[in-house]
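The values are calculated or read from the model by the stated rules, or taken from the named source; none is laboratory data. All figures in this text were calculated on a predicted structure; none of them were measured in a lab. Quick reminder, even Gly has a Cβ in these numbers, built from the backbone with ideal geometry, and neighbours come from all protein chains shown.
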């Protein structure tokens, strides 16, 4: 019986202790949340006990994480490699396309610049779409035909110079016989003002990349590095188109004539975009430039011209005023009929 | 004395494991709460008094090292130790599936106490978001680790009984 009472007392004490602990902890939470209960000693001691184990486990954890990442990386390496290869191929293709566009853009810009510079020609731009397999470097096919206004014997040029002429114009494409074709002959002359020697440029079968300027008299003034331009003779090629420059001069076998080897200004191996001269006219005169002025006495030519115009206008106004005044005096004196009078009145006055 | 030291060592080791190694093995950013599992296992095996005491010690350790509100974990683990210890009176204590099954209710109880305290302290918590993003990932980790922790506590308990 006493054991039972003792046990009950013990249980009661435990319950009271438990309740006290619960209430204490409960209060602790609220006091700690408001910063009124701090336990730096307990915190420090607990940290000191736990920290070495945490450090050790943390090291193990970081090693495991490293291994896990390595394994994951290796497992994805093959797939990643495959993706990167595909990406490289795609980027290479894009790069190639971009380079192609850039090159085309540059060529078309040059051609456009030439088109704007030569106002005496009407040009139609065309792309080279083929070369004849029999003589691939002498005849090309372009993507413009009669529907675009192209006709036979029209000159074909690039911004660098003469390419050849249209040999056969189709509906939407045309064959162009190049300058270096052995069957081609172009009337030319030396551009140098002191020379102006005329000759014919024709293709050379032995040296297809360098046509010859033939029919040059032996004693004529032709030198290496002379520029050769079209003469306009024959009517196919307009005058003044650049053909190339003389790089070598040889005597003909007969002994009376000589010929010059020409380095063409156009690289026929890299021909991609050309322009066809569909119409040509006289070149407009160069705009007048003000003459060179003596240093120290320079005037603004535009200002002078403006003043001149104003002065001319003033003179015209003064002349008009004088004429009006004279007219009025004559009218007042009765020598001249008033313009404002009706024709019937004037007739009556004349009858009287 | 040696037995108490052994229990203390296990407590510290598991706590160090929970705060250092387990974050590397997480599910959706959440890792297991070993202190809670330990408290529940001790409560099932040793009754409500030892459960409450063990919860008190585990909570105190957590509050003293990483707890943001001192006493919150202590109160929660102590309550859980007491309640689950009381519940285990009519159960076969060495049933291994029991702590695994009770891992989720214990966690729910722990979170409920936390939320209640936070509400009382004036903190606003989005319960739906909390359940979706915090509770379930942690619950899965608890279930996964409940059995190994219970086996450890069971071994330690048997060892303590033998030494006594």
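Return the residues of the stretch B:111-129 that are within 14 Å of chain A (Cβ to nearest Cβ) and surrounded by 15 or more Cβ atoms within 10 Å (Cβ to Cβ); say none if nothing qualifies.
Within the stretch B:111-129, B:113, B:114, B:117, B:118 qualify.
If I filter the stretch B:80-98 down to residues being at pLDDT 85 or above and surrounded by 21 or more Cβ atoms within 10 Å (Cβ to Cβ), which single residue comes out as farthest from the other protein chains (Cβ to nearest Cβ)?
Filtering first and then ranking leaves B:84.
The rows are residues; the columns are (1) within 53 Å of the chain's Cα centre (by Cα); (2) closer than 30 Å to residue A:272 by Cα; (3) facing chain B (nearest Cβ under 8 Å).
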| site | (1), (2), (3) |
| --- | --- |
| A:33 | no, no, yes |
| A:44 | no, no, no |
| A:56 | no, no, yes |
| A:61 | no, no, yes |
| A:64 | no, no, yes |
| A:81 | yes, no, no |
| A:85 | yes, no, no |
| A:93 | yes, yes, no |
| A:97 | yes, yes, no |
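Here are some residues: B:20, B:41, B:31, B:68. Which one is at pLDDT below 85 and more than 10 Å from chain A (Cβ to nearest Cβ)?
B:31
Which one of A:197, A:224, A:229 is over 18 Å from residue A:177 (Cβ atoms), in contact with a strand residue (DSSP E or B) (Cβ under 6 Å, 6 or more places away or on another chain) and surrounded by fewer than 16 Cβ atoms within 10 Å (Cβ to Cβ)?
Of A:197, A:224, A:229, the one residue that is over 18 Å from residue A:177 (Cβ atoms), in contact with a strand residue (DSSP E or B) (Cβ under 6 Å, 6 or more places away or on another chain) and surrounded by fewer than 16 Cβ atoms within 10 Å (Cβ to Cβ) is A:224.
Just one of (1) within 25 Å of residue A:53 (Cβ to Cβ); (2) crowded, with 20+ Cβ neighbours inside 10 Å trips up residue B:69, so point out which.
Here residue B:69 meets the rest and fails (2).
Looking only at the stretch B:44-65, how many residues end up being farther than 18 Å from residue B:99 by Cβ and more than 10 Å from every other protein chain (Cβ to nearest Cβ)?
Residues meeting the conditions: 1.
May I ask you to verify whether residue A:163 is at negative phi, in contact with a helix residue (DSSP H, G or I) (Cβ under 7 Å, 6 or more places away or on another chain) and in a strand (DSSP E or B)?
Taking the combined requirement at face value, the residue does not satisfy it.
Yes or no: the stretch B:103-110 includes at least one residue that is farther than 24 Å from residue B:63 by Cβ, under 16 Å from the mean Cα position of the chain (by Cα) and in a helix (DSSP H, G or I).
No, the stretch B:103-110 contains no residue that is farther than 24 Å from residue B:63 by Cβ, under 16 Å from the mean Cα position of the chain (by Cα) and in a helix (DSSP H, G or I).
Of the conditions (1) touching a strand residue (DSSP E or B) at 6+ places or on another chain (Cβ under 6 Å); (2) at positive phi, residue A:237 clears all except one; give me its number.
Going through the list (1) touching a strand residue (DSSP E or B) at 6+ places or on another chain (Cβ under 6 Å); (2) at positive phi, residue A:237 breaks only (2).
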